[in-house]
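The values are calculated or read from the model by the stated rules, or taken from the named source; none is laboratory data. In this text the structure is predicted, and so the values were computed from the model without any measurement. Methodologically, a virtual Cβ is constructed for each residue, glycine included, from the backbone with ideal geometry; neighbour enumeration extends over all protein chains shown.
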Amino acid sequence: MEIKVSLLPEEKRGSVPEDESQLGFGKIFTDHMYTTFFKDGNWRESCIEPFGPFVLSPAALVLHYGQEIFEGMKAFRQTTKKDVSLFRPEKNAERMKDSAKRISMAPLPEDQFLDALHKLINIERKWVPHNPGTSLYIRPTMIATESLLGHRKSNEYLFYIILSPVGPYFKEGFKPIKIYVEPKFVRAVKGGVGEAKTGGNYAATLLAMDKAYEVGCSQVMWLDASEHKYIEEVGTMNQFFVLDDVVYTAPIAGTILKGVTRESVITLAKDKGYKVKEEFLSIDTVTEAIDSGNLTEAFGAGTAASIAPVGELHYKDKKYLINNYEVGPVSKDLYETLIGIQYGRIEDPYGWNVVI
Ligand code: COI
């Protein structure tokens, strides 16, 4: 589909702040965004236009019944060349289509998603920052815009992509973080929407995040909803453990986000010769293994977070120190390889990088 492009005059465009160490995460936005809308059964005009507010009916269905989905992806400035590359963008296009199906929204065709992304990034390529650990975070989003207070799916949608130059998600950088294990509230139930990337999944976790911050943690670890026993995922990441020299992560079984970084880490770990098991571990197994010294490392994996080592778990008023609060060798090895590929520092034998 043709994209109508209307750009800001050169003198009105912004740029990445000179001091890239101050970027933070998701606080500033590039000059332009992509928009398209769905009406009367079809996707309509596509535009790349100046970043700015939308006009939305106060009765828009998204505001009342939460019909919304989004994605998180990154463009990386390649260190070996001047190029910019996307990391496995087809995976996000596919997941967004799956999320749309689960939330009863009109899926945007994957080729349209990818074409829009390429064109927008190409226009905004000067916004991809240069410092190590920085990237251009990409937020494709879809909302239900029909003006209606009756409870049903919308017949109208707005799909848009906005871009934000970012630094590391955690202020610690690649250093261990502390995680609060939530004993009471749950994130997702079997048969629910845990596997979809929809805003409601994140809203439901905010109360527990307050508790996490109170005890000095930056993330919440979620246990399964039926027994409050098995570890599912962490707020912004899929969770991995190294236990008895095996790399464990929870399987994709309906309640867990199908992380693109998760899948990439599993592939890298297997190819490096680590034994990998996609199995649920109970919180008791994990805390006992930390105490006995058999659990040697923990780390999270996500687009925003990249690979984040975990140095401490807080569970039921007890603290469990992991690997003496130091980054372990497996986490470091996987992190170096993942970001090496993403920034073009090392060869990408998987064809994951898509150069724009
Ligand atoms: C991402 O990792 O891209 C996400 O969407 C998580 C978000 C909470 C920052």
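Which of the residues belonging to the stretch 205-223 are more than 13 Å from the ligand (Cβ to nearest atom) and assigned to a loop (DSSP other than H, G, I, E, B)? Of everything in the stretch 205-223, those that are more than 13 Å from the ligand (Cβ to nearest atom) and assigned to a loop (DSSP other than H, G, I, E, B) turn out to be Val215, Gly216, Cys217.
Listed here are the strands (runs of 3 or more DSSP E) enclosed by the stretch 284-356 that have at least 1 residues being within 20 Å of Ile266 (Cβ to Cβ) and of a type in the set (Phe, Trp, Tyr): 295-302. Every condition in (1) assigned to a loop (DSSP other than H, G, I, E, B); (2) away from the ligand (no atom under 16 Å from the Cβ) holds for Asn122 except the one numbered (1). Evaluating Arg152 against the criteria (1) within 16 Å of the ligand (Cβ to nearest atom); (2) among the basic types (Lys, Arg); (3) farther than 18 Å from Gly72 by Cα leaves one unmet condition, (1). The single condition among (1) within 16 Å of the ligand (Cβ to nearest atom); (2) touching a strand residue (DSSP E or B) at 6+ places or on another chain (Cβ under 7 Å) that Ser264 does not satisfy is (2).
Test of understanding: among Lys119, Lys97, Lys91, Lys81, which residue is modelled with pLDDT under 95 and of a type in the set (D, E, K, R)?
Lys81
Test Leu61 against the stated conditions and say whether it is in contact with a strand residue (DSSP E or B) (Cβ under 7 Å, 6 or more places away or on another chain), at pLDDT 95 or above and within 16 Å of the ligand (Cβ to nearest atom). It is false that Leu61 is in contact with a strand residue (DSSP E or B) (Cβ under 7 Å, 6 or more places away or on another chain), at pLDDT 95 or above and within 16 Å of the ligand (Cβ to nearest atom). Residues in the stretch 195-248 that are of a type in the set (Asp, Glu), more than 24 Å from Pro176 (Cβ to Cβ) and in contact (Cβ under 8 Å) with a residue 40 or more places away in the chain: 2 in all. For the stretch 143-155, the criterion of being free of Cβ contacts under 8 Å to residues at least 60 places away in the same chain and in contact with a helix residue (DSSP H, G or I) (Cβ under 6 Å, 6 or more places away or on another chain) is met by no residue.
Within the stretch 184-204, the set of residues being among the aliphatic types (A, V, I, L, M), more than 17 Å from Tyr230 (Cα to Cα) and part of a loop (DSSP other than H, G, I, E, B) comprises Val193, Ala196, Ala204.
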